[in-house]
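The values are calculated or read from the model by the stated rules, or taken from the named source; none is laboratory data. Just so it is clear, the model here is predicted, and its values are computed rather than measured. As a convention, Cβ positions derive from the backbone with ideal geometry for all residues, glycine included, and neighbour counts pool all protein chains shown.
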Amino acid sequence: MIKLYNTKTRSKEDFAPIDEQNVRMYVCGPTVYDRAHLGNARPVVVFDTLFRLLRHIYGETHVTYVRNFTDVDDKINAKAAENGRDIRDITDETIRWYHEDMDALGTLRPSHEPRATEYIGPMVAMIADLVGKGNAYVSEGHVLFDVNSYGAYGALSGRKLEDMRAGERVEIADYKRDPMDFVLWKPSTGDQPGWESPWGYGRPGWHIECSAMALDLLGESFDIHGGGLDLTFPHHENEIAQSACAVPHGEFAKVWMHNEMLQVEGKKMSKSLGNFFTVHDLLNEGVPGEVMRFVLLSTHYRSPMDWTEKKKGEAEVTLRKWARFARGIPASQPDDDVITALSNDLNTHEAITVLHRIFAEKDAGRLRASAQLLGLMVDVNEEWLEPPEFQDIKREIVALVDPILEQLNTARSMKDYMSADQIRDRLRELGVFPNMVDQKFVWHYTLQDPARARDKDAPKEGFLGAAVNIAGWLREELKELQEALK
Ligand code: AMP
Ligand code: ZN
């Protein structure tokens with residue numbers, strides 16, 4: 001039984017999907033004008049782990065996960081104007097980056113990734129419906145949601161309208177009846193993106209897209225809505241107001257989940273504070289995505305956390321140790337205790353503690369299967385298998401093998417099969433096994449200790465295992481072969 005903390009009820013609840021055949025989750029996605037920072041990656045990794053758990057429990061084809069792209073927003077317009085670029089160019093590029101970076105963190109693509117600009121029609125329809133029902137009004141080319149028309153406004157975040165007016169530095173615009181009323185539609189001028197609507201040429205406000213997309217892709221009631229804690233107010237409060245008024249008989253989201261913030265020296269990592277680094281920056285510095293994922297999951301999602309060099313270093317050591325231990329061993333069954341930990345409001349911290357225990361118990365198949373529930377140990381990271389001290393050996397041996405392979409391929413292309421076979425056989429004797437790809441021999445950096453290479457059933461060794469034993473000897477032999485081929 002999965003238990004999840006529901007922001008709406010402020011309690012941990014048993015999770016009972018509306019339809020076990022189709023468990024439905026919506027997570028607010030990025031506004032696409034810039035690279036995602038590591039804070040932005042936290043909800044992505046957290047809800048990816050929940051997605052994996054739900055797929056494990058209800059079946060891979062019985063979970064629908066929607067995460068939107070906000071591709072109409074004034075920050076995007078500003079960037080386009082600043083750089084003299086096309087908006088679509090910027091949003092397409094940013095989405096490509098987002099996929100690259102989030103893929104590197106081992107996150108699965110959601111079932112649907114709708115772009116706001118593909119949902120203008122449904123948004124306009126929902127806004128018109130809200131105007132018709134008296135929950136929204138038109139004022140100076142804007143359509144505004146009337147927060148006083150929805151009695152439960154503020155229930156999710158536990159705020160009262162009076163306190164909000166006093167507490168928030170809301171923009172006082174004279175076209176608003178109440179300063180807390182929020183924009184559903186606003187007018188666009190010539191160079192701003194816009195669409196025709198019953199209220200003139202304009203564009204949607206931010207909040208309406210999630211209500212419209214969730215309704216279209218997940219229905220009137222669905223199971224889980226997620227996002228960062230900073231979205232609770234106003235974004236999620238506004239989503240609820242819109243959806244509850246547009247579809248009074250629906251429930252919208254049953255469970256609301258919010259991840260706490262990734263911090264830098266006690267402050268939320270954010271673009272506006274400038275205290276951020278991007279996932280891309282870290283990847284470029286050689287920090288593997290799996291390390292970022294491990295660090296993000298080592299703290300429970302409802303606690304604030306810092307990214308530190310120390311955590312990064314420890315994650316690296318652990319992942320390397322596990323990868324080398326489980327090398328070549330396929331996943332068996334995940335450990336019950338890992339499932340139990342994740343089922344307890346996604347306690348990834350506890351789940352990682354269990355992974356350490358499984359490692360100590362020396363069960364590689366169970367370790368891999370359990371880690372994979374957290375999206376770890378899915379791909380074999382060759383870097384993990386080869387500690388830094390072996391990178392130099394590898395570079396040197398690759399540099400020796402490459403020209404020999406080239407001669408082998410040249411001989412083949414000149415139909416000198418006898419020489420080609422001789423070179424290939426000699427390489428094999430040395431434990432270097434090139435494969436034929438597209439009519440050419442390539443080498444996938446798998447070395448075999450020649451003493452074991454004759455045993456066809458022995459597992460391929462990868463680079464490290466063999467290199468420890470044979471690097472010195474191999475170096476000399478390869479040099480000799482190079483000389484002989486001159
Ligand atoms: P944005 O593009 O700013 O709307 O953010 C996209 C997602 O990242 C939202 O779910 C935010 O709540 C989340 N987010 C932004 N900053 C942080 C942070 N420092 N830590 C955790 N989540 C964040
Ligand atoms: Zn949203």
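What to note about this one:
- Leu108 crowded, with 18+ Cβ neighbours inside 10 Å, closer than 30 Å to Leu319 by Cα and more than 16 Å from ligand 2 (Cβ to nearest atom): no
- Hey, Asp101 of a type outside the set (A, V, I, L, M, F, W, C), at pLDDT 95 or above, more than 28 Å from Thr49 (Cα to Cα) and crowded, with 21+ Cβ neighbours inside 10 Å or not: no
- Check on Leu376, crowded, with 17+ Cβ neighbours inside 10 Å and part of a loop (DSSP other than H, G, I, E, B): yes
- Single condition Glu60 does not satisfy, out of (1) acidic (Asp, Glu); (2) away from ligand 2 (no atom under 16 Å from the Cβ); (3) farther than 25 Å from Ser370 by Cα: (3)
- Meets criteria (within 29 Å of Gly472 (Cβ to Cβ), in contact (Cβ under 8 Å) with a residue 40 or more places away in the chain, surrounded by 16 or more Cβ atoms within 10 Å (Cβ to Cβ) and within 21 Å of the chain's Cα centre (by Cα)) for Asn347: no
- Those residues of the range 286-314 which are touching a helix residue (DSSP H, G or I) at 6+ places or on another chain (Cβ under 7 Å) and free of Cβ contacts under 8 Å to residues at least 24 places away in the same chain, in sequence order: Val295, Lys311
- Restricting the range 190-226 to residues that are over 21 Å from Asp74 (Cα atoms) and either within 16 Å of ligand 1 (Cβ to nearest atom) or among the aliphatic types (A, V, I, L, M) (or both), the residue that is surrounded by the most Cβ atoms within 10 Å (Cβ to Cβ): His225
- Candidates Glu60, Glu113, Glu93, Glu82, filtered to the one that is free of Cβ contacts under 8 Å to residues at least 24 places away in the same chain, among the acidic types (Asp, Glu) and within 26 Å of Phe222 (Cα to Cα): Glu60
Rundown of residues vs (1) within 16 Å of ligand 2 (Cβ to nearest atom); (2) surrounded by fewer than 21 Cβ atoms within 10 Å (Cβ to Cβ); (3) at pLDDT below 95, yes/no style:
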position	(1), (2), (3)
Thr9	no, yes, no
Val32	yes, no, no
Val44	yes, no, no
Asp48	no, no, no
Phe51	no, no, no
Leu54	no, no, no
Asn68	yes, no, no
Asp73	yes, no, no
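- Contacts under 6 angstrom Cβ, first residue in the range 231-250 being over 18 Å from Val131 (Cα atoms), partner within 16 Å of ligand 1 (Cβ to nearest atom), 6 or more apart: Leu231/Cys28; Thr232/Ser157; Thr232/His258; Phe233/Ser157; His235/His207; His236/Leu156; Glu237/Leu156; Glu237/Ser157
- Number of the condition not met by Gly29 [criteria: (1) in a loop (DSSP other than H, G, I, E, B); (2) free of Cβ contacts under 8 Å to residues at least 60 places away in the same chain]: (2)
- Residues (at positive phi and charged (D, E, K, R)) located in the range 424-446: Asp438
- With respect to (1) within 12 Å of ligand 2 (Cβ to nearest atom); (2) not in a helix (DSSP H, G or I), the lone exception for Ile224 is condition (1).
- Selection within the range 230-265 - over 16 Å from Gly29 (Cβ atoms) and either within 12 Å of ligand 1 (Cβ to nearest atom) or of a type in the set (Ser, Thr, Tyr) (or both): Thr232, Phe233, Ser243, Glu260, Met261, Leu262, Gln263, Val264
- Residue among Pro43, Pro17 that is near ligand 1 (Cβ under 8 Å from one of its atoms) and not in a strand (DSSP E or B): Pro43
- Residue ID - nearest to ligand 2 (Cβ to nearest atom), chosen from residues in the range 189-221 that are farther than 15 Å from Ile127 by Cα and of a type in the set (Ser, Thr, Tyr): Ser221
- Ala152 vs. criteria small (Gly, Ala, Ser), within 16 Å of ligand 2 (Cβ to nearest atom) and at pLDDT 95 or above: no
- Any chance Gln391 is at pLDDT 90 or above and either assigned to a strand (DSSP E or B) or out of contact with any Gly (no Cβ under 8 Å at 6 or more places or on another chain) (or both): no
- Residues located in the range 266-281, provided they are near ligand 1 (Cβ under 8 Å from one of its atoms) and either in contact with a Phe, Trp or Tyr (Cβ under 8 Å, 6 or more places away or on another chain) or in a strand (DSSP E or B) (or both): Lys268, Met269, Ser270
- Among the candidates Arg395, Arg357, Arg426, Arg412, the residue that is in contact (Cβ under 8 Å) with a residue 40 or more places away in the chain and out of contact with any Asp or Glu (no Cβ under 7 Å at 6 or more places or on another chain) is uniquely Arg426.
- Residue list for the range 11-30, filter: within 16 Å of ligand 2 (Cβ to nearest atom) and over 16 Å from the mean Cα position of the chain (by Cα): Arg24
- Segments classed as helices (runs of 4 or more DSSP H), wholly inside the range 395-486, with at least 1 members that are modelled with pLDDT of 85 or more and crowded, with 19+ Cβ neighbours inside 10 Å: 417-429, 462-485
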